[in-house]
């Protein structure tokens, strides 16, 4: 809501043509339907066109062997792409805050990650051809946005799943982070955020080297099958080779959320030692002579 009201206030000055996009993920039943109806009414009052869809995310997750959070993200961003294309939008703005950045870094840190997991979310990134994903609120904390909404008398609704303690992200948000702030002070939030920004600069250099390595090692590829030169990969440093696999997953649009640091490292050991590695999303990597064969099975 802070993002919507903020962009609405700037629309005339910045010559923005706004379209709101709202997806019911099919997870929260009647509460989600109420949220969708409430959002539609608000957009009508603000005279903002609304793209509104519903999806069965639990079914999508089961079909593809994904966890619910990863499936929801996948379905949601595909919806954003469709909505942007239908309205001929150049940018999709999402409302991640500085708190979300800190939570993301800690989440990755707690479950084990490489440098990429510690850089947080970029302020912008390509979403689809001709469409940029933007996070204009990523430097503002949630408390600042709540104060903004209060100052303009704007209502908002809270997603009840944010308090689901079965989700690690919720426990970080509602328990771990407040305790860290209590013990170390609120400056811990800025410290984590600034560290993530520095790591992002280093990661950008690593990704450039990984892209070069992937191009040199690529023998052939199709949507479900990729062959790579094991010798070319083995001649590179471990962390660059790991990052080349991450980049490959991105280009193939294979699920990465459930693939942790240990799994990427197993791929490096596969290059050196041979054998077969099975990864989430029905993906299998095998060394066959001088080739690394990566296959996604139906």
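The values are calculated or read from the model by the stated rules, or taken from the named source; none is laboratory data. Source: prediction; values computed, not measured. A quick note on method: Cβ atoms are made from the backbone with ideal geometry, for glycine too, and the neighbour counts reach across all protein chains shown.
Of the helices (runs of 4 or more DSSP H) entirely within the stretch 1-113, those holding at least 3 residues that are in contact with a strand residue (DSSP E or B) (Cβ under 8 Å, 6 or more places away or on another chain) occupy 2-14, 30-46, 68-86.
Scanning the stretch 128-139 for residues that are closer than 16 Å to residue 85 by Cα and either touching a helix residue (DSSP H, G or I) at 6+ places or on another chain (Cβ under 6 Å) or surrounded by fewer than 16 Cβ atoms within 10 Å (Cβ to Cβ) (or both) returns 128, 129, 130, 131, 132.
Just to be sure before I move on: is residue 270 modelled with pLDDT of 90 or more and more than 20 Å from residue 111 (Cβ to Cβ) in the structure I sent? Yes. In the stretch 22-34 there is at least one residue that is closer than 19 Å to residue 133 by Cα, touching a residue at least 24 places away in the same chain (Cβ under 8 Å) and surrounded by 17 or more Cβ atoms within 10 Å (Cβ to Cβ).
Pick from 142, 111: which is surrounded by 13 or more Cβ atoms within 10 Å (Cβ to Cβ) and under 26 Å from residue 188 (Cβ atoms)?
142
Answer with yes or no whether residue 206 is part of a helix (DSSP H, G or I), in contact (Cβ under 8 Å) with a residue 40 or more places away in the chain and under 23 Å from the mean Cα position of the chain (by Cα). The answer is yes for residue 206. Within the option set 85, 55, being surrounded by fewer than 19 Cβ atoms within 10 Å (Cβ to Cβ), out of contact with any helix residue (DSSP H, G or I) (no Cβ under 7 Å at 6 or more places or on another chain), farther than 26 Å from residue 246 by Cα and modelled with pLDDT of 90 or more holds for one residue only, 85. Checking each residue in the stretch 160-179 for being part of a helix (DSSP H, G or I) and touching a residue at least 24 places away in the same chain (Cβ under 8 Å) picks out 160, 161, 168, 169, 172, 173, 176, 177. Quick check on my filter: what residues within the stretch 1-21 are surrounded by 14 or more Cβ atoms within 10 Å (Cβ to Cβ) and more than 18 Å from residue 87 (Cα to Cα)? Passing the criteria: 1, 2, 3, 5, 6. Among the residues making up the stretch 7-30, those that are under 24 Å from residue 160 (Cα atoms) and in contact with a helix residue (DSSP H, G or I) (Cβ under 8 Å, 6 or more places away or on another chain) are 20, 21, 22, 23, 24, 25, 26, 27, 28. Criterion first (in contact (Cβ under 8 Å) with a residue 40 or more places away in the chain and within 22 Å of the chain's Cα centre (by Cα)) does residue 85 satisfy it? The answer is yes for residue 85.
Here are some residues: 158, 168. Which one is closer than 28 Å to residue 81 by Cα, surrounded by 13 or more Cβ atoms within 10 Å (Cβ to Cβ), assigned by TED's automatic domain parsing to the domain that holds residue 21 and under 21 Å from the mean Cα position of the chain (by Cα)?
168
For residue 118, the stated conditions hold: it is under 20 Å from the mean Cα position of the chain (by Cα), in the same structural domain as residue 10 (by TED's automatic domain parsing) and at pLDDT below 95.
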